[in-house]
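The values are calculated or read from the model by the stated rules, or taken from the named source; none is laboratory data. In this text, all values refer to a predicted model and were calculated from it rather than measured experimentally. Cβ: placed from backbone, ideal geometry, glycine included. Neighbour counts: every protein chain shown. For accessibility, only protein heavy atoms count, side chains too; no ligands or nucleic acids. Shrake-Rupley method; radii C 1.70, N 1.55, O 1.52, S 1.80 Å.
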Amino acid sequence: MLKYCRRPEFKRILDSRCSSYLSSSTRKKLNGKLLHVRASTTSAVETEFAQRITLDGLSLGSSSVSDKTQVNNTASENSAQHTPSPAELDAGRFRIDQSVSNWANYAKRPWIEDQNGGGVLSVVQRMSDISADFVRDPAAAAYWAYHAARLSFFVSQAVTGLLAYEASDRAQNLSIASLVAGGSNASSNTSTSGSENQPAPSIFSRLMKSGGDEVSVRAKEAFGVWQQDLSYIQSKYYKMPWDMTTLTHQQYNPFFMAARTSKFVQESVMTLSRRKRNTPDPVWIKGPSLYPQYYTNTYHYQTDGWFSEKSADVYEHSTETLFFGRQDAMQRSSLVPISEYISSCGKPASELKLLEVAAGTGRFHTFIKDNWPEMPSVVSDLSPFYLSKARANIEYWRSQTRGGRVLGGGPDGANVEYLQTAAESIAAADSSFDIVVVVYLFHELPEAIRRRAVSEFYRVLKPGGLVVFNDSMQIGDRPEWDNTVGLFGNFNEPYYRNYVMCDIGGMFEEAGFQPELKLMSSVSKVLSFMKPNVM
């Protein structure tokens, strides 16, 4: 049973502490009304996760005690004051997909449910059933074979990147020690100083102490994501991923992948070095009148931020390694509300128009185009370098899957146009689009810019149109990680801690949208909204 209470101090709490992330309309609804009281505890699992969080949290095992204390104190304060989490607020607004409850406590669930109480024999029987399913469904078997290989590849990329950084860091430390101490003196000091001069444990060595658990957690997350992705495919929401089914795709070329690995390893060494120093490099280009201040931050400590071809070229590989190869599938969950909308709106896809805001390299947009190639679309981003990469990706999709034939308008005949514009000031006319999609953007925006972006979505969307939002999970979406999710902010993500407590649904409601569907996919959440029809 859910517990509720009516307490006068809630008004004071909402007016003071919650004002930074609850919309005014939401505060009005909650002041003096029934509020859901959430008890938050720090379990041993959460503490261990905070200590060894590496790829999803991007702290790479090096978060300081003060970092963890800050995150835990915030969670404890929220619990003590009974502040409703974003997930609790979502529950009162959206049609909740089954995936939301599936992921809420996924980390505590066994890999394979043992429904018969048969221990090992039951697990063996379940694996036998899965194998039989593969025989009956060769497409599913191909899907799992591809993604098992994908997991193995990106695990190897993560390990290779860490090893390369470790080697570089040790070489640099030895060089500095030699310069400071001088050749023979350095040798003498090293031989007599004992344990005092032993190097600090490396990132890699710290990870390897719990390496089995680390890989197991990541692999389990990937298994759940791909199981969900395949179920959507089998339910006809969208097609099998085109890069998997296109055997001439360059990802199957070992020479191409070796070149990508080389670029990724170089970027890993530089990124982790900046992370260790806690000092991002400034972007090389200056244009204060052209780009907003928040956009010139070099997020993730990546080289050149969003301002180079090199950055755009290595970005996809880096982010897929970050998630052990499950990012594509997490983003494809955004196709579910798009598919539902197209099926129910009464118009063919060819008569609709879609805008993807902050599309980056355009990789996700290739999945949109592969499912609805006849639908005209616009790819927008603020970086000309990333827009150029998006154009190349979409043209490659067209050449591989459509034989290069003309599909519609746009510069390359792919039925796609490209727009350099900011999310908070979209260079498009009112009521220009039927669908607006935004993926992995809001956690990198200041709150005030988020609000302006939502208002712009409302302006450019036609009445009855759809917005699909996909971004990081927030507080309450995966309760077992509530006390550590904010650690991602340590990777030069200055707006992330605000984001995880931000009332996204309330923000859209305040702009005039109607909340529709919420679903989850591992550490990603998808929210959809409708712009009401004008009466």
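Residues of segment 337-365 being more than 21 Å from residue 408 (Cβ to Cβ), surrounded by fewer than 22 Cβ atoms within 10 Å (Cβ to Cβ) and touching a residue at least 24 places away in the same chain (Cβ under 8 Å), which ones?
Listed by number, the list holds a single entry, 340.
For residue 192, state whether it is modelled with pLDDT of 90 or more, surrounded by fewer than 17 Cβ atoms within 10 Å (Cβ to Cβ) and of a type in the set (Val, Ile, Thr).
It is false that residue 192 is modelled with pLDDT of 90 or more, surrounded by fewer than 17 Cβ atoms within 10 Å (Cβ to Cβ) and of a type in the set (Val, Ile, Thr).
Please work out if residue 380 is surrounded by 22 or more Cβ atoms within 10 Å (Cβ to Cβ) and modelled with pLDDT of 95 or more.
Working: surrounded by 22 or more Cβ atoms within 10 Å (Cβ to Cβ): yes; modelled with pLDDT of 95 or more: yes.
So residue 380 fits the description; yes.
Suppose the filter is under 20 Å from residue 489 (Cβ atoms), hydrophobic (A, V, I, L, M, F, W, C) and assigned to a helix (DSSP H, G or I); does residue 330 pass it?
yes
Among the residues of segment 296-320, write down those that are under 12 Å from the mean Cα position of the chain (by Cα) and either of a type in the set (Phe, Trp, Tyr) or open to solvent by less than 10 Å² (accessible area, probe 1.4 Å) (or both).
Passing the criteria: only 320.
Looking at segment 385-488, what strands (runs of 3 or more DSSP E) fall wholly within it and have at least 2 residues that are of a type in the set (Val, Ile, Thr)?
433-439, 461-472
Those residues that are open to solvent by 50 Å² or more (accessible area, probe 1.4 Å) and of a type in the set (Phe, Trp, Tyr), I need them from segment 224-264; list them, please.
Selection gives 237, 252, 255, 256.
Can you tell me which residue is surrounded by the fewest Cβ atoms within 10 Å (Cβ to Cβ) among those in segment 441-473 that are farther than 22 Å from residue 301 by Cβ and charged (D, E, K, R)?
Per the criteria, the residue is 447.
Considering only segment 473-487, state which residues are modelled with pLDDT of 95 or more and closer than 20 Å to residue 439 by Cβ.
473, 474, 477, 478
So if I check each of 141, 148, which one is over 22 Å from the mean Cα position of the chain (by Cα), of a type in the set (A, V, I, L, M, F, W, C), at pLDDT 80 or above and not in a loop (DSSP other than H, G, I, E, B)?
That would be 141, the only listed residue that is over 22 Å from the mean Cα position of the chain (by Cα), of a type in the set (A, V, I, L, M, F, W, C), at pLDDT 80 or above and not in a loop (DSSP other than H, G, I, E, B).
Looking only at segment 246-258, filter to residues that are under 17 Å from residue 395 (Cα atoms) and assigned to a helix (DSSP H, G or I); which one of those is nearest to the chain's Cα centre (by Cα)?
Applying the filter and picking the extreme gives 251.
Filter segment 489-515 down to residues that are more than 19 Å from residue 458 (Cα to Cα) and part of a helix (DSSP H, G or I) and give me whichever is most open to solvent (accessible area, probe 1.4 Å).
Among them, the one singled out is 497.
Could you list, in sequence order, all residues of segment 383-401 that are among the basic types (Lys, Arg) and either open to solvent by 40 Å² or more (accessible area, probe 1.4 Å) or on the phi > 0 side of the Ramachandran plot (or both)?
Filtering segment 383-401 for residues among the basic types (Lys, Arg) gives 389, 391, 398.
Correct list: 389, 391.
Given (1) assigned to a helix (DSSP H, G or I); (2) farther than 21 Å from residue 423 by Cα; (3) in contact with a Ser or Thr (Cβ under 9 Å, 6 or more places away or on another chain), where does residue 300 come up short, assuming only one miss?
Just one mismatch for residue 300, condition (2).
When you look at residue 431, is it of a type in the set (S, T, N, Q) and on the phi > 0 side of the Ramachandran plot, yes or no?
For residue 431, the condition - of a type in the set (S, T, N, Q) and on the phi > 0 side of the Ramachandran plot - is met.
Against the conditions (1) out of contact with any Leu (no Cβ under 9 Å at 6 or more places or on another chain); (2) modelled with pLDDT under 95, where does residue 490 fall short? Just the number, please.
All conditions pass for residue 490, except number (1).
Condition test on residue 529, is it out of contact with any Asp or Glu (no Cβ under 7 Å at 6 or more places or on another chain), of a type outside the set (Gly, Ala, Ser) and surrounded by 21 or more Cβ atoms within 10 Å (Cβ to Cβ)?
no
Residue 521: among the polar types (S, T, N, Q), modelled with pLDDT of 95 or more and open to solvent by 10 Å² or more (accessible area, probe 1.4 Å), yes or no?
No: the conditions fail for residue 521.
Looking at (1) in a helix (DSSP H, G or I); (2) over 20 Å from residue 387 (Cβ atoms); (3) in contact (Cβ under 8 Å) with a residue 40 or more places away in the chain, which is the only condition residue 324 fails?
Among (1) in a helix (DSSP H, G or I); (2) over 20 Å from residue 387 (Cβ atoms); (3) in contact (Cβ under 8 Å) with a residue 40 or more places away in the chain, residue 324 violates only (1).
Across segment 413-440, which residue is nearest to residue 291 (Cα to Cα) among those that are among the charged types (D, E, K, R) and crowded, with 18+ Cβ neighbours inside 10 Å?
This residue is 424.
Return the residues of segment 275-288 that are part of a loop (DSSP other than H, G, I, E, B) and either in contact with a helix residue (DSSP H, G or I) (Cβ under 6 Å, 6 or more places away or on another chain) or more than 17 Å from residue 306 (Cβ to Cβ) (or both); say none if nothing qualifies.
Listed by number, the residues that qualify are 278, 279, 280, 283.
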